[in-house]
1. Counting only other chains, what is the mean number of Cβ atoms within 10 angstrom of the Cβ of each residue in peptide B:97-105?
2. So who's got an amide H within less than 5 Å of the one on A:Gly54, skipping anything under 5 residues away but keeping other chains? H placed 1.01 Å off N, in plane.
3. For a quick check: sort A:Trp452, B:Trp165 by the number of other beta carbons within 10 angstrom, fewest at the front.
4. What is the Cα coordinate range of the protein assembly as shown on the first, second and third principal axes, sorted by size from largest, in whole angstrom?
5. Between B:Leu34 and B:Ala255, what's the calculated FRET efficiency when r is the beta-carbon distance and R0 is 51 Å? Round to 0.05.
6. Can you tally the net charge around A:Glu246? Count Lys and Arg as +1, Asp and Glu as -1, for every other residue whose Cβ sits under 13 Å from the Cβ of A:Glu246.
7. With all pairs of different alpha carbon atoms counted, what Kirkwood hydrodynamic radius in Å does chain B show?
8. Based on the alpha-carbon set only, what is the convex hull volume of the range A:407-490 divided per residue, in Å³?
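Since every read-out is calculated from the coordinates, none of them should be taken as a lab result. Nothing here was measured: the structure is a model prediction, and the numbers come from that model. Because the Cβ atoms are built from the backbone with ideal geometry, glycine has one as well, and the counts that use them run over all protein chains shown.
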Amino acid sequence: MARSHSRAAAALVAVSALALAGCSGGNSANTDVDGGDGASGTLVIDTAFSLETGDPGRNYVPTGNMVLHAVYDTLLTLEGDDTTPQPALATMEQNEDATEFTFTLDEDRVFSDGSPVTADDVVFSLERVAGMTDSKANFLMTGITVEKVDDATVVLKTEKPSLQLPAIVTNPSLSILNAEEVEANGGATDTTDAAQTFLDGASAGSGPYLLDSLDLTTQVVLVGNPEYNGPTPAAYDKIVVRNVTESATQLINLKGGDSNIAVDLNGDQVEGLGDGFTVDSVPSAETIFLLINQNPEVGPATASPKFAEAVRYALDYDKILELAGVGAEQATGVIPPMFAGALADGAGQDLDRAQAALAESGYAGETVKLQFPNDNPVGGVEFTPVAERVQDQLKAAGINVELAPAPFATEIDPYVNGTEAFSMWYWGPDYADSSSFLPFGPGEKVGLRAGWDAAASADIAALVAAARNATSVEERTEAFGAYAAAMQESGPFVPLIVPGNNIASDDTVSGLTYNPTWTLDLTALSPTQ
Amino acid sequence: MTTSTTPARRTGAGRHTLARYLVRRAGTSVILLLGVVLVTFLLTVLVPGDPVRAALGEGASSNPATVAAYEEKYGLDKSVPERFVLYLGNLLQGDLGTSITTGRAVVDDLAKAVPATGEVAFYAIILSLAVAIVLGTLAAYRRGKATDQVVRVVSLVGLSIPTFWMAILAYNFFFLELGWVRGSGRLSPTITPPPRVTGFHTIDFLLNGDSVGFFDAVSHLALPVFVLSLFTIALLTRFIRTSVLEVLDADYARAARAKGLSGPRVVFGYVLRGAALPILTMVGIAFGTLLSGTVLVEAVFAWPGLGTYAYNAAKGLDLLAVTGVGLVVGVIYLVINLVIDILYGALDPRVRLS
């Protein structure tokens, strides 16, 4: 019996050895398993995926923006960390009322199948997003109509002044697709559109890279587009974007040479990287803030504007900022520093003013519950320690706070429905423009979550309208500045931190720059010379 | 799980008795499975929060047309009883619905995630069992001596170390410091996955005769298997030690030793066979524990398995995906229990008659 077992084992070993010696499968022996060697032409990027599709018209998540920006072009684009739209597939002119925007296409540009990019492709691509009400990106086209003038000219019209339109069309969701190819694969400009399956496995764009493979849970592989004739040709033969959810793993992969770029490191992690690595640490476009509800039925103790003032001046912002790591800054207002209208300085601690305001607010020592999501760090900033510090500082100023953390998915409903008296949340722009921060105004989306209707502050509501309806850049910047200042003076929000964005690479890569829309511009990356 | 045994009644229990036993156990499993489906579904419904808002985010959820389209597409515009009946109807046709976070069929998502976790868990349980049998038996044979003390202390440490922390530590040491293993994920970025046959990369690469892919897969598997095994090895070692100690004192084991049989023959011929049934039970429990431990290990090693899928589904309030995961885990537990009970029944006639 024992002898037969031995023979079976020997046979198994022999079969395995034969199989291994064969080496006839899909991977050759000299495959570069270290992956990230720039000389091999392969760039490996680790990021925590928020990826749902390869269809630009249905995408509205950060990793999708990063990947699709490299595969598709938009009418206008953003360069580096600048939030001023620049020409991409087209140049733009607007009318005086800022209601008509004329785009003139660069007629030399071609799609990945070699066919030219025309006005018909622009009209189809934008109308497709406008018609797909079941797409997350659909809201971007609200109030915008598209008209073809000639083969190289398209006009986008809005009913009201819309100086944010140039920023909106930089969003990768509004990428220009090869209409003929997409229509041949189920594409349509209404809810019957069925091109997502095709676009999840193929490219129909004019960007420098092509989608080689897309696995929503593991990795996306891009390869160079041989037909590309734009200004930023592919610098790598292949870019692999991998889903690595743990930032600690991203750090080890980067240090160990398994990847070239780590996108989601926190401040502490990049500080310990040392020589041989490049780090881009900048403030992000997000803001972490306190919400103080003005509805007495929701927050009897918080409803007085004086209570918000007391909280605003009771806090030591430098000590709160200590929790955020490198790249982070104190929030100077509801508009983050990179956008027009942002304030130069934030609120400072003034305990006397806080005491006086608290006395006027009618607060009588009640315990106020501070609600926040505890499983959703923003830019590496964990909410729980920030909440604990806020609790300590407010206690010193005479305000009793009880912490009430909950998972994001649980906490989001009361926040959105305006039933939280005192909470800590975050806000990021829908597109790279100051108008993305007008929802904090009275009667606006986030304002209403704080029980703050338009009648509660007609002055600030008027500033919101002025900023929204401005028809020149100068007028607009001034209006946003006035809005931000007024919000900081008497709004029911206390902006705390603009978290840092820390992207790190090994020294084989150059061109690392944070951008608020696509986080990392893959088309700007190239091997270090 | 049946663990008790009753005195043997030699009434000619044979093939028919075993068949009846199997049918009875399978029937019980189906009822339990229905219970799992009902409980999982109700739990996901009771969790506060709006799945559509969680899926759409701030911008899109302010668009009523998109919200309505999502609610209709994912059946969230229907009442809970309607949704449950619909779910059961679809389930009978093998359809677990569509994930609101990935937009794909939950069945397809699970078909990718389950083999990834299964491969780690399979090798981890094999490794755990092999190591634990050696350590547990050795400790029992050397009861009270230095070897026994060392094994007990080491197994206690293994039970106490947080898996997540151990995973980070091991990855840092074996990958970054020593370079013995490759990076995170199931394969290196430049390796092409094998044509799918079993879903286990190691086996599929072998079947494809791809040695480069095989060794790459093994190199990626090594650490997750090692980390996952530590807790299970500790758990099983302590249990096997206790079980072996009990058998060592049994008359038949003492008689075997008295006859002058060699140590290994006593161990494998008498002691381990005698302790096999309770060990089998414990292996089933350990396998379940191992599966639940994959969530954290998968996160550290960027392993695209069931744990990662479950975590993302729960975080995104993806109700059908969560229910699907609950169903798969329920089925795995039921199958483990069923297999163990069948093995019990096959090994010990007293069980199937009880």
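1. For peptide B:97-105, the averaged partner shielding equals 2.
2. Placed amide hydrogens put A:Asp200 under 5 Å from A:Gly54.
3. Working: A:Trp452 29, B:Trp165 11.
The most exposed by this proxy come first: B:Trp165, A:Trp452.
4. Result, largest extent first: 105, 72, 59 Å.
5. Once the sixth-power term is evaluated, E becomes 0.55.
6. With Lys, Arg at +1 and Asp, Glu at -1, the net is -2.
7. 23.3 Å
8. Details: hull volume 8.1 nm³, N = 84.
Once divided by residue count, the hull of the range A:407-490 is 97 Å³.
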